[in-house]
Amino acid sequence: MTEGKIVKISGPLVVAEGMREANMFDVVRVGEKKLIGEIIEMHADRASIQVYEETAGLGRGDAVVSAGEPLSVELGPGLVGNIYDGIQRPLEEMRLVAGPNIIKGIDLPPLNREKKWEFVATAKIGDEVTGGDIVGYVDESPVIRHKILVPPGVSGKIEYLLSGSYTVTDKIGEIINENGEKRDLTLMQKWPVRRARPYVEKIAPSVPMITGQRVIDTLFPIAMGGTACVPGPFGSGKTVVQHQLAKWSNVDLVVYIGCGERGNEMTDVLREFPEIIDPRTGKSLMERTVLIANTSDMPVAAREASVYTGITIAEYFRDMGLSVAVIADSTSRWAEALREMSGRLEEMPGDEGYPAYLTSRLAGFYERAGQVKCIGSDGRTGSLSAIGAVSPQGGDISEPVSQATLRIVKVFWGLDSALAYARHFPAINWLNSYSLYKDRLEGWYNENVSKKWSKYAADILSILQKESELDEIVKLVGVDALSGDDRLTLEISRSIREDFLQQNAFSIEDSYSSLPKQFALIDLILFFRDRAKEAMDSGADVQRISELPVREDIGRAKTVNDAEYREVFDGIKEKIEQSLAEITPGKA
């Protein structure tokens, strides 16, 4: 343990001397109230410390004590359904102890030390185990079976292992290695947040993360273990999109990081998630959610810690063989914290004052995502998908954080303020968004949903692109100057936008759309297009086609529940054919 003295204070940056024995990224306790900090720079015996709490009240000469270990998180039963701040302090426990306001220097264990968990041993005495092997499990929530893993780097023979009721710190077993050294096993382990947890190998992603959002699943899908960003200006719906992904994605567990965003957004999560029933499990969404809250009124420096805390917890559950999604809202706020600390360290700035290492820090975060073969002898696989919101000022994605993120991630869901103001949500612009997983996932969609899936998706994008071109002509000469085919294209495009891409997050039936229902809805719209084209070729008037009452039935089709949509859609198809026959010369 090293003790030094403060010689400089600059906001969240504290410089202490006499720290020669300390190491980079060591956790330190600063001042009389023992504020939590982390060493981010060393020069001889001087340590620059990033303090994760408000530094008001500190003074020159105050003591700084190094803990001799890096900033780490506790991993074990009790994580699921909990809400932590950026340095993994349990906010609910803090409220019970200290009231509604966070007291400086308060230090509570992240995992409850009193609660007992029923541990069921699956390994046997005498088994040879290595890091990542499963020795038993705890049923942490109705939907999460928390597997107890041998910590990475530990191997040997199980000396003893007992099922029973334990706290996270109780000894549940013992491993003895080939040198005769013994290592106690507990339900809990610790891991430094800045170091990625090990795995055997990364696997090319080949299965989509199904979100229930039609514009994403159909046009711009993300793979399990993939990376995506959601950039957009204020009010364009970034948080709504991320909440939808957290609610409905077909992952086993969600780690939601509120990084520098408004506190009311985390409040919405806390209010909504316990009430929402997960369509996959039939249980509350909070039964598979971990929340990290470092909102805009919390210390700026802790934003960086919150991102690393969240991704490390996600890696731990990935190592159990689960599919995990990390949703960070937003990485721009994290980048602002990096910019502030870089300025106080008097480093040479990069673009717009951001540090030169901005891209490498962002890459280090997103590169921890992926589908992997986990360490351990059973060959299990797990996946970690990373989705980050970006909040460029004025929606200008040419700024450094957006550009750095786009160079790293494989999916870009570009939000458009014009769509948001037109009340079109999700406000994902179909003309500039993209997914680099599309070709890789095409085979899965064609095999598991329909062989026409990729063709239909291509047709939709083609129609929307054609509409964009025709809009320029319409603005110049009016819609009456277009040919019948082009006017039909505009009508079908409007149907795609309003009846398919637009989704109501507050509607029980429309908030989530299963893949078969998504395909059936596309099929219905394109069925109308094909039959309308045939009717026009036979002399039907495009104006009368666009005014058919059956168009309203198509618009309402997305609100039909999953149990009834096939029958309803077949009825609409019959009505389409009948309505078109009535206005087609020679068929009425």
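Points worth noting:
- Gly539, sole failed condition from (1) at positive phi; (2) assigned to a helix (DSSP H, G or I): (2)
- Of all residues making up the range 151-169, the number that are among the polar types (S, T, N, Q), touching a residue at least 40 places away in the same chain (Cβ under 8 Å) and surrounded by 16 or more Cβ atoms within 10 Å (Cβ to Cβ): 1
- Ile148 in contact with a Pro (Cβ under 9 Å, 6 or more places away or on another chain) and either open to solvent by less than 40 Å² (accessible area, probe 1.4 Å) or charged (D, E, K, R) (or both): yes
- Residue in the range 197-244 that is least open to solvent (accessible area, probe 1.4 Å), counting only those that are among the polar types (S, T, N, Q), part of a loop (DSSP other than H, G, I, E, B) and in contact with a strand residue (DSSP E or B) (Cβ under 8 Å, 6 or more places away or on another chain): Ser236
- Residue ID - nearest to the chain's Cα centre (by Cα), chosen from residues in the range 109-118 that are touching a residue at least 40 places away in the same chain (Cβ under 8 Å) and surrounded by 20 or more Cβ atoms within 10 Å (Cβ to Cβ): Leu111
- Enumeration of residues in the range 552-579 that are in a helix (DSSP H, G or I), polar (S, T, N, Q) and either touching a residue at least 24 places away in the same chain (Cβ under 8 Å) or surrounded by 16 or more Cβ atoms within 10 Å (Cβ to Cβ) (or both): Thr559, Ser579
- Residues of the range 297-312 that are assigned to a loop (DSSP other than H, G, I, E, B) and in contact (Cβ under 8 Å) with a residue 60 or more places away in the chain: Met298, Pro299, Val300, Ala301.
- Taken together, the residues in the range 338-361 that are part of a loop (DSSP other than H, G, I, E, B) and surrounded by 17 or more Cβ atoms within 10 Å (Cβ to Cβ) amount to 1.
- Any pair with Cβ under 9 angstrom, 6 or more apart, that starts in the range 539-551 at a residue that is without any contact (Cβ under 8 Å) to a residue 60 or more places away in the chain and open to solvent by less than 80 Å² (accessible area, probe 1.4 Å) and ends at one that is outside any helix (DSSP H, G or I) and not polar (S, T, N, Q): Gly539/Pro585; Gly539/Gly586; Ala540/Pro585; Ala540/Lys587
- Residue check for Glu265: under 23 Å from Tyr199 (Cα atoms), among the acidic types (Asp, Glu), within 17 Å of the chain's Cα centre (by Cα) and assigned to a helix (DSSP H, G or I): no
- Here the range 268-296 is the region considered, the condition is being in contact with a Leu (Cβ under 6 Å, 6 or more places away or on another chain) and not in a loop (DSSP other than H, G, I, E, B), and the residue that is nearest to Ser511 (Cα to Cα) is Arg288.
- The criterion of being among the acidic types (Asp, Glu), open to solvent by less than 10 Å² (accessible area, probe 1.4 Å) and part of a helix (DSSP H, G or I) holds for Glu315.
- Reported count of residues in the range 90-108, each being over 26 Å from Glu315 (Cβ atoms) and either without any contact (Cβ under 8 Å) to a residue 12 or more places away in the chain or in contact with a strand residue (DSSP E or B) (Cβ under 7 Å, 6 or more places away or on another chain) (or both), is 10.
- Those residues of the range 251-265 which are open to solvent by 10 Å² or more (accessible area, probe 1.4 Å) and either without any contact (Cβ under 8 Å) to a residue 60 or more places away in the chain or under 22 Å from Asp297 (Cα atoms) (or both), in sequence order: Glu261, Arg262, Gly263, Asn264, Glu265
- Top-ranked residue of the range 90-108 - restricted to ones that are at negative phi and in a loop (DSSP other than H, G, I, E, B), ranked as least open to solvent (accessible area, probe 1.4 Å): Ile106
- Taken over the range 320-337, the residue count meeting the criterion of being open to solvent by 10 Å² or more (accessible area, probe 1.4 Å) and either in a helix (DSSP H, G or I) or of a type in the set (Ser, Thr, Tyr) (or both) is 3.
- Residue that is surrounded by the fewest Cβ atoms within 10 Å (Cβ to Cβ) [pool: residues in the range 126-145 that are hydrophobic (A, V, I, L, M, F, W, C) and more than 13 Å from Leu185 (Cα to Cα)]: Val143
- Residues of the range 119-161 that turn out to be within 30 Å of the chain's Cα centre (by Cα) and of a type in the set (Lys, Arg), as a count: 2
- Any hit, the range 474-482, residues being touching a helix residue (DSSP H, G or I) at 6+ places or on another chain (Cβ under 9 Å), open to solvent by less than 20 Å² (accessible area, probe 1.4 Å) and assigned to a helix (DSSP H, G or I): no
- Filtered residues of the range 483-507 (kept if in contact (Cβ under 8 Å) with a residue 12 or more places away in the chain, surrounded by fewer than 16 Cβ atoms within 10 Å (Cβ to Cβ) and not in a helix (DSSP H, G or I)): Asn504, Ser507
- Residue count for the range 402-460 under the criterion of being open to solvent by less than 60 Å² (accessible area, probe 1.4 Å), among the small types (Gly, Ala, Ser) and part of a helix (DSSP H, G or I): the result is 8.
- Ser48 more than 30 Å from Pro142 (Cβ to Cβ) and touching a residue at least 60 places away in the same chain (Cβ under 8 Å): yes
- Within the range 170-183, not a single residue is open to solvent by less than 60 Å² (accessible area, probe 1.4 Å), modelled with pLDDT of 95 or more, under 30 Å from the mean Cα position of the chain (by Cα) and not hydroxyl-bearing (Ser, Thr, Tyr).
- Unique residue being among the hydroxyl-bearing types (Ser, Thr, Tyr) and at pLDDT below 95 when the list is Ser165, Ser141: Ser141
The values are calculated or read from the model by the stated rules, or taken from the named source; none is laboratory data. These numbers come from a predicted model, not from an experiment. We place every Cβ from the backbone using ideal geometry, glycine too, and count neighbours over all the protein chains shown. Note: areas computed on protein heavy atoms with side chains; ligands, DNA, RNA excluded. Shrake-Rupley method; radii C 1.70, N 1.55, O 1.52, S 1.80 Å.
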